[in-house]
1. One residue is enough: does region 17-32 have a residue meeting the conditions under 28 Å from I105 (Cβ atoms), among the charged types (D, E, K, R) and more than 18 Å from the chain's Cα centre (by Cα)?
2. Any residue at all in region 77-92 that is free of Cβ contacts under 8 Å to residues at least 40 places away in the same chain, surrounded by 14 or more Cβ atoms within 10 Å (Cβ to Cβ) and on the phi > 0 side of the Ramachandran plot?
3. Regarding region 55-71, can at least one residue be identified that is surrounded by 12 or more Cβ atoms within 10 Å (Cβ to Cβ), out of contact with any helix residue (DSSP H, G or I) (no Cβ under 9 Å at 6 or more places or on another chain), aromatic (F, W, Y) and over 25 Å from L18 (Cβ atoms)?
4. Which members of region 87-113 meet the condition of being in a helix (DSSP H, G or I) and over 21 Å from C42 (Cα atoms)?
Amino acid sequence: EQFHVRLLTAEKQLHPLLDRLVLLLQQTPRYWDPFCSSAIVCSFLDFINCTVIQERAEVKIKRNRVESASWPPYVRVKNGQPDAYAFMMFTRDACPDVSVYLQAIPDICTFINFNNDVLSFYKEELAGEKHNR
């Protein structure tokens, strides 16, 4: 739960892998346009934030309520990191003009999310998961 706070205060993370993630995120401006780099970093921060919040007891208790019908799609978008994957396809060297692909990003994200669902289905069936239906 401390990743974002430690990132913003420039403190060492609580796990070496998270320190490596910070280093990788700091490198994104070298390879992607500033807007794309920002979208990639935001996507990773959303992923970590959503992963952390899902583990909180009060969220686990409430997530199966009728009022939370839009929670699963929201989590899917945040945890699936479609923005990061979509923007990572277009490095600055390969495609320097953002306007060429920017309007395709929403469709690419949708494609990534649906493919993730299809590929996850087999794994979830084998594991006997029933909560995603």
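All of the numbers you see were taken from the coordinates with simple rules; none came from a lab. What you see is a predicted model; the values in this text were computed from it and never measured. Heads up, the Cβs are rebuilt from the backbone with ideal geometry, glycines too, and the neighbour counts pull from every protein chain shown.
1. The answer is yes; a qualifying residue exists.
2. Yes, because at least one residue in region 77-92 is free of Cβ contacts under 8 Å to residues at least 40 places away in the same chain, surrounded by 14 or more Cβ atoms within 10 Å (Cβ to Cβ) and on the phi > 0 side of the Ramachandran plot.
3. no
4. If the condition is that a residue be in a helix (DSSP H, G or I) and over 21 Å from C42 (Cα atoms), then V100 is the only one that fits.
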